[in-house]
Amino acid sequence: MAKTAELKIETDDQLTERLMELKREQFNLRFQAATNQIEKPVRIREVRRTIAKIKTLQTQRAHAAQHSGSTPAQSAGGAKA
């Protein structure tokens with residue numbers, strides 16, 4: 001399972017690519033589980049949690065980028081012009 005610190009140093013493009021790979025792996029693992037061919041059932045949980053970590057990081061980065069572009073008065077609910 002990927003550690004959060006490892007994921008934080010990756011770029012947005014790298015995270016998106018890794019997310020696509022993990023979703024593909026998750027799809028394959030689900031089929032293996034359905035046909036009783038899965039070797040490591042715990043891998044399903046690891047992949048699911050890593051996907052969640054990546055999505056959380058992407059959301060945090062999107063919110064940070066959104067809030068860094070606004071002025072303090074806008075983000076604090078200041079008067080509108």
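Numerical summary
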{"item": "Largest-first ellipsoid semi-axes for the range 4-68, taking √(5λ) over the Cα gyration tensor eigenvalues, angstrom", "result": "29, 10, 9"}
{"item": "Student exercise, the chain dipole from Lys, Arg, Asp, Glu Cβ charges, in Debye to nearest 20", "result": "340"}
{"item": "Helix 42-68 vs. the chain, principal-axis angle (Cα, 0 to 90°, nearest 10)", "result": "10"}
{"item": "Virtual spin-label span in nm between His67 and Arg18, 7 Å along Cα→Cβ", "result": "2.3"}
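No lab work stands behind these numbers, since they all come straight from the coordinates. Just so it is clear, the structure is predicted and the values come from calculations on it, not from any experiment. Glycine gets a Cβ as well: all are built from the backbone with ideal geometry, and neighbour counts include every protein chain shown.
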